[in-house]
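Just so you know, all these numbers are worked out from the coordinates, no wet-lab data involved. This one's a predicted model, so the numbers in the text were calculated from it and none came from an experiment. FYI the Cβ positions are ideal-geometry reconstructions off the backbone, even for glycines, and counts take in every protein chain you see.
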Amino acid sequence: MKSEIGIGLLGLGVVGSGVVEVLISKADKLAKHVGASLVLKRVLMRDVSKGRAVNLGSHLLTSNVAEVLTDPEIDIVIEVIGGEHPATEYIEQAITNGKHVVTANKEVMAKHGYGLLSLAQKYNVGLRYEASVGSGIPLIATFQQDLASNEIWAIHGILNGTTNYILTQMAQQGLDFPSALGQAQELGYAEPDPANDVEGIDAAYKLAILSSLAFHSEFDAQGISCQGISGLAAQDFRYAREFGYAIKLLAIAKRQADTVEMRVHPVFLPENSQLAKVDGVYNAIQVEGDLAGRLIFYGEGAGALRASSAIIADVLTISRNICRGLSNVLDVQLNQKLEIKPMSDIETRYYFRLSVNDRPGVLAQISKALGDNSVSISSVIQKESDPLAHTAELVIMTHSAREEAVQKALGEVKQLAVVNEVSSFVRVEG
Ligand code: NDP
Ligand code: HSE
């Protein structure tokens with residue numbers, strides 16, 4: 001029976017510092033749970049001279065990854081450096097050196113999860129990634145174990161804390177986009193490259209991970225249609241409220257025979273729906289399965305301690321198995337071959353905001369372009385005429401229509417001499 005489990009940490013930023021804090025402050029509780037002490041042996045960072053949120057002896061710090069990956073005293077490597085490279089290669093090396101791995105890296109798991117899990121199987125080690133989706137919300141193990149008997153047919157998720165925080169600040173405090181993003185970065189919510197949050201890429205990675213667990217198929221995260229929140233303006237939040245909606249960045253996966261509709265984009269959600277009420281850094285993931293029915297998982301989706309909760313949970317599982325001589329290998333059940341449904345085939349309702357010339361007959365021309373493409377208007381409002389520039393803002397809501405038809409109609413609308421620009425385009429859910 002081992003008396004201690006050696007831990008190597010790759011990365012000492014927001015999440016890495018949270019992990020160290022928990023390993024130190026809860027050392028006794030964790031040791032009792034495992035039956036052995038969890039001992040931090042080495043910590044990798046780029047710059048060992050940089051000030052850190054946690055104080056660690058300099059003998060633990062290194063900028064040489066081999067000192068972590070080849071240390072025989074290290075049983076578990078925790079990867080929290082983020083990004084695709086060199087994180088993927090470091091995880092591969094850790095596995096081939098016989099080390100168990102815990103990662104919070106959604107990009108790596110979305111792009112290389114299947115290969116890495118297969119490699120871990122081959123080397124008889126564990127690879128766990130609970131923190132990669134929803135931070136501290138227990139989701140990965142829930143799909144792997146608790147929902148295993150369900151046929152899942154839909155996932156609707158607010159999967160990115162940074163963008164939900166920004167949208168909430170813009171809608172409720174009237175904050176502009178850059179200020180709200182700056183706050184999210186200061187709070188440690190944003191990715192090292194915040195474009196991943198803002199453009200919906202982080203949510204698409206998370207959707208790919210959850211979908212592969214839910215539908216037992218590999219999905220290419222880059223094939224998921226993805227639109228971020230940077231194009232939204234203050235008026236959109238005002239109009240959404242007037243129509244009785246909240247704006248959220250939603251990740252959607254719906255199973256339909258051999259295809260799965262998968263997309264990430266801002267949506268208008270009816271303001272009395274449960275997901276519309278999820279504010280700030282909170283995430284919520286609604287799952288529909290044949291046995292469990294509709295479930296909603298809710299909690300803070302970013303931040304050092306939230307992610308650490310999930311990482312330490314994975315470390316505890318692996319450590320207990322090591323101490324009891326049990327296998328840590330996860331069964332990779334990707335036995336389905338499902339395609340992502342082309343975006344042009346989806347059907348939903350739409351909101352457009354257009355800047356147009358303020359003169360008679362404009363609406364008739366726009367309605368004709370939409371009507372010619374079988375896109376039917378459910379309501380239209382003219383707003384904020386500018387008498388000097390002779391321009392007006394038109395806000396249009398449509399009935400359910402096919403994306404391909406809507407895109408074609410919008411292309412024609414943009415060509416009209418009376419239309420200055422299509423300023424905003426948001427799909428409506430629910
Ligand atoms: P940070 O940028 O705060 O920290 C990254 C750390 O990794 C830094 O200590 C950096 O070193 C180190 N690092 C980066 N690249 C290298 C490299 N090539 N070699 C050695 N060290 C390197 O990121 P976060 O802690 O916010 O995120 C880490 C991971 O956790 C990401 O995958 C992220 O998606 C995930 N995650 C983040 C959450 C959050 O709320 N922030 C929540 C859930 C998951 P140095 O400090 O010297 O520059
Ligand atoms: N940047 C991510 C988010 C961190 O804001 O959701 C958690 O994965």
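Taking the inverse of the mean reciprocal distance over all distinct Cα pairs, the Kirkwood hydrodynamic radius of the chain comes to 23.2 Å.
Going from the alpha-carbon gyration tensor of segment 1-44, what semi-axes, largest first and in whole Å, does one get by taking the root of 5 times each eigenvalue?
They are 20, 12, 5 Å, listed largest first.
Going through segment 3-109, which trypsin sites (Lys or Arg not before Pro) have at most 10 other Cβ atoms within 10 Å and a DSSP loop state?
For trypsin sites (Lys or Arg not before Pro) across segment 3-109 that sit outside H, G, I, E and B with at most 10 neighbouring Cβ atoms in 10 Å, the list reads Arg46, Lys50.
The magnitude of the dipole of segment 80-150, with charges of +1 and -1 set on the Cβ of Lys/Arg and Asp/Glu and taken from the Cα centre, is near 120 debye.
In straight-distance terms, cross-link reach from Lys122 covers every one of the aspartates and glutamates whose alpha-carbon lies under 15 Å from its own, apart from those fewer than eight places away in the same chain; here that gives Glu92, Asp331.
Stretching the chain fully between Ser400 and Lys122 yields a gain of 95.2 nm (0.36 nm per residue, less the alpha carbon separation). Projecting label points 7 angstrom from Cα along Cα→Cβ for Leu388 and Asp47 puts them 4.7 nm apart. Spacing of the modelled spin labels on Lys2 and Arg359, each 7 Å from Cα toward Cβ, amounts to 7.8 nm. Residues within the reach of a label modelled at Gln144 (point 7 angstrom out along Cα to beta-carbon, backbone nitrogen below 19 Å), restricted to segment 274-314, are 307-314. Ordering Ala31, Ile224, Gly430 by the projection of their Cα atoms onto the charge dipole of the chain, which places +1 on the Cβ of Lys and Arg and -1 on the Cβ of Asp and Glu, puts Ala31 at the extreme positive end. With bins 5 Å wide beginning at 0, the percent of Cα pairs of segment 320-381 falling in each bin runs 3, 10, 14, 13, 9, 7, 6, 5, 5, 6, 5, 5, 6, 4, 2, 1.
Dividing the helix sum by the residues of the chain, where each DSSP H run of 4 or more adds -39500 (n - 2.57), gives a mean residue ellipticity at 222 nm of -10500 deg cm²/dmol. Given the options His112, His85, His100, state which has the largest fluctuation in a GNM of the chain using a 10 Å cut-off (strictly under) for Cα springs. Result: His85 has the largest fluctuation of those listed. Straightening the chain between His85 and Gln415 buys 114.5 nm, computed as 0.36 nm per residue apart minus the Cα-Cα spacing. Dipole check for the chain: with +1 at the C-beta of Lys and Arg, -1 at the C-beta of Asp and Glu, and the Cα centre as origin, the magnitude is about 660 Debye. Largest GNM mean-square fluctuation across Ala392, Ala104, Ala221, computed for the chain with C-alpha springs under 10 Å, falls on Ala392. Ranked for footprinting exposure by Cβ neighbours inside 10 Å, fewest first, Tyr205, Tyr282 give Tyr282, Tyr205. Determine the alpha carbon to alpha carbon distance for each of Lys2/Lys29; Lys41/Lys99; Lys341/Lys414 and list only those over 19 Å. Over 19 Å apart, Cα to Cα: Lys341/Lys414.
Available extension along the chain between Glu73 and Ala195 is 40.1 nm, counting 0.36 nm per residue and deducting the alpha carbon span.
Cβ-Cβ distance of His33 and Ser379, R₀ of 51 Å, FRET efficiency by 1/(1 + (r/R0)^6): the value works out to about 0.35.
Separation of segment 267-288 and segment 88-158, taken as the distance between their Cα centroids, equals 25 angstrom.
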